[in-house]
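Below is one structure, written out as structure tokens, with a few remarks after it.
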Amino acid sequence: MSTQQTFRSVPPTDDAIDSACRFLAAGELIGVPTETVYGLAANALDAAAVRKIFAAKGRPDNNPLIVHVADLDAMQQVVRWPLDPITMRQFDAIVDLWPGPLTIVLPRSDRLPAEVTAGQSTVAVRIPSHPVMQQLLRRSGLPLAAPSANRSKYVSPTTAAHVVDGLGDRVAMVLDGGACSVGLESTIVALGERPRLLRPGAITAETLASRWNVPVEALLPVDQQPVVLEAPGMMLQHYSPQTPLWFAERTASTLQGRIGRIAFAPLPDNEREKFAVVRVLSPTGDLEEVGQRLFAVMRELDSMALDAIVTDTCPPHGVGRAIMDRLKRAAFRE
Ligand code: TXA
Ligand code: MG
């Protein structure tokens, strides 16, 4: 089949999932819904298919992929199992958070091609909860390598239409599983000598710290930077719209031109009037709702030829830690 054509997304009927399984078995890429963001999936055991992911995204080949599996049995096919006793205890304390928006970095199995893990001795694994992704994993019987289905450095996709916009000419099909319920990429933790938070997400640092009975700070890097370069994909500029993004608390009235405003809660009229367009992410300022809608609204405002986007910020605790992590990267300019 031609890879130059742009494919539209399809509803996740039984037939559509069967075709997706056939495409995956044949080494093609598929756009898949998960509860966090949409993924660009390939058979994780097929090195050539995995290389297509890097090519499609324009992703540096030193940035490893997350491997998605249906359940713990399937996980044992991609992880070096059993874990050592220390890692096993850390794992046991959080494994009930699966299926869900949590990725765990563990020693890798030799069955995985080196491309998936970018040559590292560890693999990032996740059991996603989205019912369509669960069906696809079970019916295909394959572990699926899937990064977020955006071009490298752009905002992650939270709808099937976002995937078609960015990568429609690179995928055999996109399964439309609706808007993602979490809307932020999964929390990533690495286990071993001590557990570490590599990327904050909807499973909060506070939840994880309480499971391991350590203070939250113990999970963070020594210098307390929220940015961890240990996950090679966590370079500072990431998730960025083309339009310059500014934090409301720092801009006051200095910006000129047509400005878009991302508000976490409704704004008073005299504030609204200052902006060409305002998007309110939650009627009550609920941060889970903010996280769910943030990327879609960034993309929408980015398509409106605005001179700048100004966004609210929030305290970096709970899911607010993940929201501020993404916003800082999106606002970062060299
Ligand atoms: O929510 C998500 O995690 C989505 C959906 C599709 O599951 N996927 C996702 O993948 O966000 P991606 O490739 O955009 O981000 C994966 C991150 C990267 O920062 C990468 O460096 C890190 O995971 N990573 C992957 N394998 C790793 C490893 N072995 N050690 C440390 N970091 C790893
Ligand atoms: Mg990504």
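How large is the translational diffusion coefficient of the chain in µm² per second when you combine the Kirkwood radius over alpha carbon pairs with Stokes-Einstein at 10 °C and 1.306 mPa s?
Details: Rh = 20.3 Å.
Approximately 78 µm²/s, per Stokes-Einstein.
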- line: Rounded to 0.05, the calculated FRET efficiency for the beta carbons of Asp110 and Asp165 at R₀ = 45 Å is 0.75
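Arranged by the count of other C-beta atoms within 10 angstrom, fewest first, what order do Trp81, Trp212, Trp98 take?
Working: Trp81 13, Trp212 17, Trp98 20.
Fewest-to-most ranking of Trp81, Trp212, Trp98: Trp81, Trp212, Trp98.
Nearest 500 deg cm²/dmol is fine: what mean residue ellipticity at 222 nm does the chain get from its DSSP H runs of n ≥ 4 alone, each adding -39,500 (n - 2.57), divided by its residue count?
Details: 11 runs with 98 residues, N = 334.
Computed ellipticity for the chain at 222 nm equals -8000 deg cm²/dmol.
For the chain, what is the percent of antiparallel DSSP beta bridges, rounded to the nearest 5? Provide the component values of the computation, followed by the final result.
Values: 16 of 38 bridges.
Around 40 percent antiparallel, to the nearest 5.
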task: Taking the Cβ of each residue in Cys180, Cys21 as the centre, tally the other Cβ atoms inside 10 Å and list the residues starting with the fewest.
output: Cys21, Cys180
message: On a full-extension model of 0.36 nm per residue, what is the gain between Met88 and Asp14, subtracting their alpha-carbon distance, rounded to one decimal in nm?
response: 22.9 nm
- prompt: What is the spin-label model distance, in nm, from Ala26 to Asp71 if the labels are put 7 Å beyond Cα along the C-beta direction?
  reply: 3.0 nm
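With +1 on each Lys and Arg Cβ and -1 on each Asp and Glu Cβ, how big is the dipole of the chain about its Cα centre, in debye rounded to the nearest 20?
Working: 33 positive and 36 negative charges, 122 e Å.
That gives a dipole near 580 debye.
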statement: Tilt, helix 319-331 to longest principal axis of the chain (alpha-carbon atoms), in degrees rounded to tens, equals 70 degrees
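Using the count of nearby Cβ atoms within 10 Å as a rough guide to exposure, how do Glu193, Glu289 rank from fewest to most? Each step should come with its number before you reach the end.
Working: Glu193 9, Glu289 17.
Fewest-to-most ranking of Glu193, Glu289: Glu193, Glu289.
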- request: Could you work out how far the C-alpha centroid of region 115-141 sits from that of region 252-313, in angstrom?
  value: 34 Å
message: Output the 0 to 90 degree angle, nearest 10, between the alpha-carbon long axis of helix 131-140 and the longest principal axis computed from the alpha carbons of the chain.
response: 30 degrees
task: Pop the C-beta distance of His317 and Ala248 into the FRET formula with R0 = 25 Å and round what comes out to the nearest 0.05.
output: 0.85
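Taken together, the values in this text are just the output of simple stated rules run on the coordinates, not laboratory data. Keep in mind the model is a prediction, meaning the values are calculated, not measured. When we count neighbours, we look across all protein chains shown, and the Cβ atoms used for this are built from the backbone with ideal geometry, even at glycine.
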